[in-house]
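Reviewing the structure listed below.
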């Protein structure tokens, strides 16, 4: 009797009849055979400049003095200090230093959340976000006043109604504290920073909904410029402290920008700071990676959960759209950061996730944030598995390599912390020149649940790493580099 082979999946299912589900399950399980042993890994570090500012309070006092911020308000003025939701390094100390300067010059400052839909778009939720960064009256020396109420400022030339947080509107002046950084949704001369905060943060939920809608037609940069100019025209903005971070997620720049010289001058200064920051940013350690393992995603790490310009994914899901960024074929996300407050925006950027991540999601704030930003694709639920071992085994066959030992891996804590990474041994020959291997190769250790065994993150190898020095010499030689002395 001749053998018959189905030519299509539907033909197979029809022939299998009621047994199709069981047979399909068996076929998928068969894919696990000989695929569960990952290559050996090594720990590596990226050798990039650390630009950390050592004396933050003194630096801020000098910057704000030289910018003439105190000359823009009278003693007794109620100054609203706007603070966002991102995980900025040293943010409590930075806010406390700004508050201290304002008090020293006779102001009565208060802090308010400069957030759109974050904190589940509630006043209490946004207060809680700040509190988890240590930003409360006890931590920064000024009360936190939170509300979603806004005052209308009229319409921009494009027809957008501009809004300003009501507490900020009723104050005697507004001073912003924001990180200048590339934006995860677009590229331009003006991205994330003081003007984005001036537009979307100060516009609260009402503004964020409208501005993201207009961004479809105008582009988000144009929305930020137009609404920012409208807010600036109120005369309420005193200026801001532009925070710059380097490759190590360190506080690398604290620049006081005054509004006294006009909106165009303030925009131009922020554009300069953004160009500088872009030149500092770290990348993944190799030009091409088959499987990127991300230990945690979250809103405190990036507005998109994962920095799209690190993982090379557009917010709408396009693969590898950024030409000067390492190519990543598959992304496996393991957990949701505690400081994300169960907001899982960005989960849809992953190809596979761990069940623990899915189980940690609160869909209400996730829906609110994603729909407000007009990015529903960012919260699509990926394939998910109950263990690291199963997730990696399943996805290894999807990167186009028939010989599974050739699949390359890179593991990072999150997209904001890229200095210390784990890479598979077979990735060593393609590591960038500034990347150094700092451990001997070691086998992946699984716990009883099939998850990675915990050991100090990228600080030291497991105890059974073997001949460290010999393997280190070999590994760095393979990468074309000598061991760093």
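The values are calculated or read from the model by the stated rules, or taken from the named source; none is laboratory data. Values in this document were obtained by computation on a predicted structure and should not be read as measured data. All Cβ positions, glycine included, derive from the backbone under ideal geometry; neighbour counts span all protein chains shown.
Let's see how each residue does on (1) crowded, with 16+ Cβ neighbours inside 10 Å; (2) farther than 20 Å from residue 312 by Cα; (3) at pLDDT 95 or above:
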{"site": "411", "(1), (2), (3)": "yes, no, yes"}
{"site": "437", "(1), (2), (3)": "yes, yes, yes"}
{"site": "444", "(1), (2), (3)": "yes, yes, no"}
{"site": "460", "(1), (2), (3)": "no, yes, no"}
{"site": "470", "(1), (2), (3)": "no, yes, no"}
{"site": "478", "(1), (2), (3)": "no, yes, no"}
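Checked across the stretch 375-382, the condition of being part of a strand (DSSP E or B) and either at pLDDT 95 or above or closer than 24 Å to residue 44 by Cβ (or both) holds for no residue. Residues in the stretch 64-90 that are touching a residue at least 60 places away in the same chain (Cβ under 8 Å), in a helix (DSSP H, G or I) and farther than 25 Å from residue 170 by Cβ: 66 only.
Given the criteria in the same structural domain as residue 118 (by TED's automatic domain parsing), out of contact with any helix residue (DSSP H, G or I) (no Cβ under 6 Å at 6 or more places or on another chain) and either within 23 Å of residue 315 (Cα to Cα) or in a strand (DSSP E or B) (or both), does residue 213 qualify? The answer is yes for residue 213.
If you go through the stretch 179-207 and pick out every residue that is buried (at least 23 other Cβ atoms within 10 Å of the Cβ) and under 20 Å from residue 157 (Cβ atoms), you end up with 8. Selection within the stretch 161-178: residues that are surrounded by fewer than 22 Cβ atoms within 10 Å (Cβ to Cβ) and touching a helix residue (DSSP H, G or I) at 6+ places or on another chain (Cβ under 9 Å). The member of this set that is farthest from residue 235 (Cα to Cα) is 161. Flag: residue 353 does not match the condition of being within 26 Å of residue 316 (Cα to Cα), over 19 Å from the mean Cα position of the chain (by Cα) and crowded, with 16+ Cβ neighbours inside 10 Å. Scanning the stretch 339-361 for residues that are outside any loop (DSSP other than H, G, I, E, B), farther than 22 Å from residue 399 by Cβ, out of contact with any strand residue (DSSP E or B) (no Cβ under 6 Å at 6 or more places or on another chain) and touching a residue at least 24 places away in the same chain (Cβ under 8 Å) yields 339, 340. If you go through the stretch 247-265 and keep only what is at pLDDT 95 or above and in contact with a strand residue (DSSP E or B) (Cβ under 7 Å, 6 or more places away or on another chain), you end up with 251, 252, 253, 254, 255, 256, 257, 258, 259.
Within the stretch 99-131, being exposed (fewer than 15 other Cβ atoms within 10 Å of the Cβ) and either in a loop (DSSP other than H, G, I, E, B) or in contact with a strand residue (DSSP E or B) (Cβ under 7 Å, 6 or more places away or on another chain) (or both) holds for 103, 106. Taking the criterion of being more than 24 Å from residue 338 (Cβ to Cβ), at pLDDT 95 or above and in a loop (DSSP other than H, G, I, E, B), the residues of the stretch 383-399 that qualify are 398, 399.
The one condition from (1) crowded, with 24+ Cβ neighbours inside 10 Å; (2) in contact with a strand residue (DSSP E or B) (Cβ under 7 Å, 6 or more places away or on another chain) that residue 224 does not meet is (2). If you filter the stretch 259-289 down to residues that are out of contact with any helix residue (DSSP H, G or I) (no Cβ under 8 Å at 6 or more places or on another chain) and over 20 Å from residue 248 (Cβ atoms), you find that the one that is surrounded by the most Cβ atoms within 10 Å (Cβ to Cβ) is 269.
What are the residues in the stretch 38-74 that are farther than 22 Å from residue 281 by Cα and surrounded by fewer than 16 Cβ atoms within 10 Å (Cβ to Cβ), if any? Of everything in the stretch 38-74, those that are farther than 22 Å from residue 281 by Cα and surrounded by fewer than 16 Cβ atoms within 10 Å (Cβ to Cβ) turn out to be 40, 55, 57, 58, 62, 65, 66, 68, 71, 74. So, residue 242, is that one touching a helix residue (DSSP H, G or I) at 6+ places or on another chain (Cβ under 7 Å), in contact (Cβ under 8 Å) with a residue 40 or more places away in the chain and surrounded by fewer than 20 Cβ atoms within 10 Å (Cβ to Cβ) or not? No: the conditions fail for residue 242.
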